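Inspection log for the structure reproduced underneath, given as structure tokens.
The values are calculated or read from the model by the stated rules, or taken from the named source; none is laboratory data. If you're wondering where the values come from, they're calculated on a predicted model, not measured in any experiment. Reconstructed Cβ throughout: ideal geometry from the backbone, glycine too, with neighbour counts over all protein chains shown. Protein only, heavy atoms only, side chains kept; ligands, DNA and RNA dropped before computing areas. Shrake-Rupley method; radii C 1.70, N 1.55, O 1.52, S 1.80 Å.
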Amino acid sequence: MSGLIVHRIGPVCSLQDMGRPGLLKQGLSRGGAADRLALAEGAALLGQAIGQITGPLAGLAALEMAGLGGEFEATGGLRFALSGAPMPATIDGTPVAWNASHALLPGQRLNIGAARAGVYGYLHLGGGIDGVEFLGSRAAHLLAGIGGTVQVGDHLEQGSDRGGVTGLGLKVADRFAGGTVRVVPSVQTGLFAPDVLRRFQDTGFTRGPRANRMGVEMRSGGDGFTATGQLDILSEVIVPGDIQMTGDGLPFVLLPECQTTGGYPRIATVIPCDLPLVAQAPAGAAIRFEFVALEQALAAHQQYETTLAGLRKSCRPLIRDVADIGDLLSYQLVSGAISAHGDRYWDKDDST
Amino acid sequence: MTKQHPQSGAGTGATSFPVIRNIGLDGMLVTFSDRLGEASNRAALAFHAALEQVAGEDGIGETSTSLASAFVRFDPLCLSHADLRARLDDLVQSRDWYGAAMPSGRKLWRVPCVYGTDLAPQLAEAADAAGLSEAQAISQLGTARVRVLTIGFAPGQPYLGPLGAEWNLPRLKALQQVPAGALVQAISQFVLFTAPAPTGWRHVGQTAFRCFRPGQAVPIPLTPGDEMVFEPVSRADFMRIRARDETGAGGATSERIAQ
């Protein structure tokens, strides 16, 4: 079985997949990749099937790297892909493209640095990372104490790879610097006074320093956002994307590893297709929230699902600068993607 | 016929119950009350059991409960909001959910608990807020037979109640960190924490009971409808129980509740 030996690793790197739906009633949130779109992009680059919730992809875990990657040595030949927050990556010192698939030869070292934008980068293997399966998923759920972070010396073994081409790239939506996030009203929106809701929508937030796979803090200069009688509210079901106000009225946007119920009131819910933008917003990034009608949210959701379904077809062979080809031709058959710096493969409107 | 429970809308924004509302883009919530109560909790549990029968069909995904609501996640591109709402409404109207029986196979758990001391530093503050001495508070909380109203927040973590009206204390504004096994109190309820977490509830007792035991045959021991008593033990006894506990039971015993 081929795989990777971990020689260096960032502090919060864990195996993630589509998570564990079905255990909500026992208090366990679905969890899974913080940026589910990035998980799908990596799968597309490696020609893997995308099971939406269950199905083939449920068996394929990727390495989620928060802010900082690591150094990995191949124990056998393997295919891999990189997605999510762009990070500088090299194979034996030679830079390779992000949002692309590559090959590693036995003994070669893949080095992944700190995120240039965004938060969560992903390393996918052709056969998926064969971590320990628990309750139908290989995803670490750090809040629940399921699995843990990847450590130096760990072996990331891959499952069986049916094989496929490497050297493919994918243009992705830029979701790594904050922006406007669409929200829909939720069951407790009505507890907030109209002027509070207006002020919430008009406020320019920045992503605060407190953020993990459970949720992301939003900060603004002004007053907090409080609801009527908010310290006495009966605890109610929470869904990922909920924007929860703590006691002092500071908003937290809840992510896949969130609690399943809670009592602090939620002002609105981020629609699923905009949640990667929140998860990927680095500390200090500007965020705004915009209420949209249900129909508009559903149209965006439909478009997102269409994008997901079309990801494989959107993968294109990486393009190199002519000037590079002379010295890289020998590499091309192996990995299909080498460059002096990661941004050279795309046109001028490079999305990374 | 389903009884309507006209109540103030405080806490939910709704004015009459049961009420069906969207939660997020792909969830719907059927709420039986905005107040903690026996009947609405039984209604939520029974309605959830009925929902479980249809989970997995036609775009209907997973289901869960809260204290007085049942939740269903669905695929809105496969099943429209209007169609799901109509289906849920039919189910709501099909019987008197408030009169539903408790689930069968329930258990009574007796869990050793140290109240106050440095291990549960907010007992005195909670007793004061409830208008009781510390001894009175321990006597009340230590004999209260509370029910698992729902499991939520973290794996296997119970919301327990109802406690008497004097314990209808608001949450604290500032969050504090409590350890696993912490018994915390607010809004006429206890929560028994699965894992270390921030909370605005008051930390009144400490147990060695583990609500989530990955790797064991029964990783989640508690089920909604189960009852629990947190029996007072001294700090020294608690330390002994915790030191020799290997299973996560924390000295707890359980027995079946006769139907």
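If the requirement is being at the interface with chain A (Cβ under 9 Å from one of its Cβ atoms), more than 17 Å from the chain's Cα centre (by Cα) and either among the acidic types (Asp, Glu) or open to solvent by 20 Å² or more (accessible area, probe 1.4 Å) (or both), which of these qualifies: B:61, B:105? Walk me through how you get there before you give the answer.
On the way: B:105 fails: at the interface with chain A (Cβ under 9 Å from one of its Cβ atoms).
That would be B:61, the only listed residue that is at the interface with chain A (Cβ under 9 Å from one of its Cβ atoms), more than 17 Å from the chain's Cα centre (by Cα) and either among the acidic types (Asp, Glu) or open to solvent by 20 Å² or more (accessible area, probe 1.4 Å) (or both).
For segment A:154-176, the set of residues classified as closer than 14 Å to residue A:102 by Cβ and either assigned to a loop (DSSP other than H, G, I, E, B) or among the basic types (Lys, Arg) (or both) consists of A:161, A:164, A:165, A:166, A:167, A:170, listed by residue number. The residues of segment A:77-114 that are open to solvent by 30 Å² or more (accessible area, probe 1.4 Å) and within 16 Å of the chain's Cα centre (by Cα) amount to a single one, A:114.
The set of residues from segment B:159-185 being facing chain A (nearest Cβ under 8 Å) and in contact with a strand residue (DSSP E or B) (Cβ under 8 Å, 6 or more places away or on another chain) comprises B:159, B:170, B:171, B:172, B:175.
If you take the residues of segment B:51-91 that are among the polar types (S, T, N, Q) and either free of Cβ contacts under 8 Å to residues at least 24 places away in the same chain or out of contact with any Phe, Trp or Tyr (no Cβ under 6 Å at 6 or more places or on another chain) (or both), which of them is nearest to residue B:17 (Cα to Cα)? Please lay out each step first, then the result.
As a first pass, look at segment B:51-91 and keep what is among the polar types (S, T, N, Q): B:53, B:63-66, B:69, B:80.
Restricting the remaining residues to those that are either free of Cβ contacts under 8 Å to residues at least 24 places away in the same chain or out of contact with any Phe, Trp or Tyr (no Cβ under 6 Å at 6 or more places or on another chain) (or both) gives B:53, B:63, B:65-66, B:69, B:80.
Details: B:53: 23, B:63: 20, B:65: 16, B:66: 15, B:69: 10, B:80: 23 Å.
The extreme case among them is B:69.
Suppose the filter is crowded, with 20+ Cβ neighbours inside 10 Å, of a type in the set (Phe, Trp, Tyr) and assigned to a loop (DSSP other than H, G, I, E, B); does residue B:190 pass it? For residue B:190, the condition - crowded, with 20+ Cβ neighbours inside 10 Å, of a type in the set (Phe, Trp, Tyr) and assigned to a loop (DSSP other than H, G, I, E, B) - is not met.
Scan segment A:196-204 and give yes if some residue there is in a strand (DSSP E or B) and either of a type outside the set (Phe, Trp, Tyr) or over 28 Å from residue A:309 (Cβ atoms) (or both), otherwise no. Lay out the reasoning, then the answer.
Taking segment A:196-204 as the starting set, the residues that turn out to be in a strand (DSSP E or B) are none.
Checked against the condition, which is being in a strand (DSSP E or B) and either of a type outside the set (Phe, Trp, Tyr) or over 28 Å from residue A:309 (Cβ atoms) (or both), segment A:196-204 yields no hits at all.
Selection of segment B:193-219 for residues being among the aliphatic types (A, V, I, L, M) and open to solvent by less than 30 Å² (accessible area, probe 1.4 Å) yields B:195, B:197, B:204, B:208. Whether any residue in segment B:11-24 is closer than 19 Å to residue B:101 by Cβ and at pLDDT 85 or above is what I want to check. The answer is yes; a qualifying residue exists.
Could we say that residue A:220 is open to solvent by 10 Å² or more (accessible area, probe 1.4 Å) and under 19 Å from residue A:297 (Cα atoms) here? Answer is no for this residue. Of the set (1) within 19 Å of residue B:108 (Cβ to Cβ); (2) facing another protein chain (nearest Cβ under 9 Å), all apply to residue B:212 but (1). Tally time: how many residues in segment A:212-236 are within 14 Å of another protein chain (Cβ to nearest Cβ), outside any loop (DSSP other than H, G, I, E, B) and in contact (Cβ under 8 Å) with a residue 40 or more places away in the chain? Adding up the residues that qualify gives 2.
If I ask for residues that are within 14 Å of chain B (Cβ to nearest Cβ), farther than 21 Å from residue A:99 by Cα and either under 19 Å from the mean Cα position of the chain (by Cα) or open to solvent by 10 Å² or more (accessible area, probe 1.4 Å) (or both), which ones from segment A:1-50 would you list? Result: A:19, A:20, A:21, A:22, A:23, A:24, A:25, A:26, A:29, A:30, A:31.
Of all residues in segment B:95-125, exactly one satisfies the criterion of being of a type in the set (Phe, Trp, Tyr), assigned to a strand (DSSP E or B) and either out of contact with any Gly (no Cβ under 8 Å at 6 or more places or on another chain) or free of Cβ contacts under 8 Å to residues at least 12 places away in the same chain (or both), namely B:109.
I want to confirm something. Restricting to segment B:239-259 and keeping residues that are part of a strand (DSSP E or B) and among the hydroxyl-bearing types (Ser, Thr, Tyr), which single residue is surrounded by the most Cβ atoms within 10 Å (Cβ to Cβ)? It comes out as B:254. For segment A:225-249, a residue qualifies if it is open to solvent by 10 Å² or more (accessible area, probe 1.4 Å), within 15 Å of residue B:175 (Cα to Cα) and modelled with pLDDT of 90 or more, and exactly one does: A:244.
How about segment A:308-320: which of its residues are open to solvent by 70 Å² or more (accessible area, probe 1.4 Å), away from chain B (no Cβ under 14 Å) and within 20 Å of the chain's Cα centre (by Cα)? I'd like the intermediate steps shown before the answer.
Of all residues in segment A:308-320, those open to solvent by 70 Å² or more (accessible area, probe 1.4 Å) come to A:309, A:312-313, A:316-317, A:319.
The next check asks that each one be away from chain B (no Cβ under 14 Å); those that pass are A:312-313, A:316-317, A:319.
Selection gives A:312 alone.
Residue B:100 fulfils the conditions (1) open to solvent by less than 10 Å² (accessible area, probe 1.4 Å); (2) out of contact with any strand residue (DSSP E or B) (no Cβ under 8 Å at 6 or more places or on another chain); (3) within 14 Å of chain A (Cβ to nearest Cβ) except for a single criterion, (3). Against the definition (more than 17 Å from residue A:161 (Cβ to Cβ) and at pLDDT below 95), how does residue A:40 come out, yes or no? So residue A:40 fits the description; yes.
For segment A:263-289, taking the residues that are part of a strand (DSSP E or B) and buried (at least 21 other Cβ atoms within 10 Å of the Cβ), the one that is farthest from the other protein chains (Cβ to nearest Cβ) is identified as A:287. Please count how many residues of segment B:193-235 are at pLDDT below 95 and assigned to a strand (DSSP E or B). Counting residues in segment B:193-235 that are at pLDDT below 95 and assigned to a strand (DSSP E or B) gives 3.
Of everything in segment A:292-307 that is more than 7 Å from every other protein chain (Cβ to nearest Cβ) and open to solvent by less than 40 Å² (accessible area, probe 1.4 Å), the residue that is farthest from residue B:25 (Cα to Cα) is A:304.
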